[in-house]
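Taking it in order: structure first as structure tokens, then the write-up.
The values are calculated or read from the model by the stated rules, or taken from the named source; none is laboratory data. Only a predicted model underlies this, so the values are computations on that prediction, with no experimental measurement involved. Cβ placement follows ideal geometry from the backbone for every residue including glycine, while neighbour counts extend to all protein chains displayed. With ligands, DNA and RNA removed, areas are computed over all heavy atoms of the protein, side chains included. Shrake-Rupley method; radii C 1.70, N 1.55, O 1.52, S 1.80 Å.
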Amino acid sequence: AQSVAQPEDQVNVAEGNPLTVKCTYSVSGNPYLFWYVQYPNRGLQFLLKYITGDNLVKGSYGFEAEFNKSQTSFHLKKPSALVSDSALYFCAVRDINTGRRALTFGSGTRLQVQP
Amino acid sequence: DTEVTQTPKHLVMGMTNKKSLKCEQHMGHRAMYWYKQKAKKPPELMFVYSYEKLSINESVPSRFSPECPNSSLLNLHLHALQPEDSALYLCASSQESAVNEQFFGPGTRLTVL
């Protein structure tokens with residue numbers, strides 16, 4: 001079975017500082033990994049994905065994520081946080097070997113950026 | 001058009017009511033999804049439609065009934081719901097390939113009294 005873990009319920013960072021939101025995954029084969037962001041009372045917005053190739057993936061709004069196969073991690077990063085980045089962030093995985101179309105989401109991490 | 005639209009935005013219903021949630025996309029996607037999201041929890045997959053055929057049913061109660069009239073529309077029919085069914089219901093769509101991300105609608109906030 002495929003799964004993702006987001007070990008932090010909340011991450012607090014000061015505006016202008018770098019941020020990291022952690023995600024680890026477990027799949028039987030090669031993973032497809034995604035990051036989504038959700039603002040209050042809104043749907044999820046796609047940020048970026050890792051399919052294959054370069055381990056550093058760049059996405060929307062200045063976010064990037066680093067795929068690390070040996071550590072089975074896909075941490076989300078941003079060099080300089082903005083107050084407007086405050087939201088709920090979900091990591092998700094799809095196991096290509098099972099052929100399942102469904103995404104399995106992590107529990108979510110609330111990012112709070114303080115001015 | 002890269003938008004998934006959902007109506008209504010909010011819905012309050014009694015346990016004996018019948019109502020429907022609607023979802024529409026015009027991105028040419030052939031896979032559409034219904035998710036249920038409780039407060040401060042991740043979305044949970046309810047149904048997947050691929051080429052207008054239901055391909056996954058995650059043991060969702062029969063009081064939820066999906067319908068896909070065509071490749072652009074997805075409905076969720078609700079009947080005899082329970083208060084614990086109150087949640088944010090999200091619709092999403094994607095290209096068929098597993099590498100493609102899903103595009104989510106803004107959701108319908110459902111309250112069952």
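Residues that are hydrophobic (A, V, I, L, M, F, W, C) and touching an Asp or Glu at 6+ places or on another chain (Cβ under 9 Å) within the stretch B:17-31 comprise B:Met27, B:Ala31, listed in sequence order.
Annotation for the stretch A:42-52: no member residue is touching a His at 6+ places or on another chain (Cβ under 9 Å), within 14 Å of chain B (Cβ to nearest Cβ) and touching a residue at least 40 places away in the same chain (Cβ under 8 Å). Against the test of being open to solvent by 10 Å² or more (accessible area, probe 1.4 Å) and over 30 Å from A:Leu111 (Cα atoms), the options B:Pro106, B:Pro8, B:Pro61 yield a single qualifying residue, B:Pro61. With respect to B:Leu45, is the statement that it is open to solvent by 10 Å² or more (accessible area, probe 1.4 Å) and either within 18 Å of B:Gln6 (Cβ to Cβ) or touching a His at 6+ places or on another chain (Cβ under 8 Å) (or both) true? Answer is yes for this residue. Within the stretch B:70-89, the set of residues being in contact (Cβ under 8 Å) with a residue 60 or more places away in the chain and within 14 Å of chain A (Cβ to nearest Cβ) comprises B:Tyr89 only. Return yes when A:Ser60 is within 14 Å of another protein chain (Cβ to nearest Cβ), within 28 Å of B:Thr5 (Cα to Cα) and surrounded by fewer than 17 Cβ atoms within 10 Å (Cβ to Cβ) and no when it is not. Spelling it out, A:Ser60 is indeed within 14 Å of another protein chain (Cβ to nearest Cβ), within 28 Å of B:Thr5 (Cα to Cα) and surrounded by fewer than 17 Cβ atoms within 10 Å (Cβ to Cβ). Can you tell me how many residues within the stretch B:85-113 are at pLDDT below 95 and of a type in the set (D, E, K, R)? So the count comes out to 2.
A single entry from B:Glu96, B:Glu67, B:Glu101 fulfils the requirement of being open to solvent by 10 Å² or more (accessible area, probe 1.4 Å), among the acidic types (Asp, Glu) and more than 10 Å from every other protein chain (Cβ to nearest Cβ): B:Glu67.
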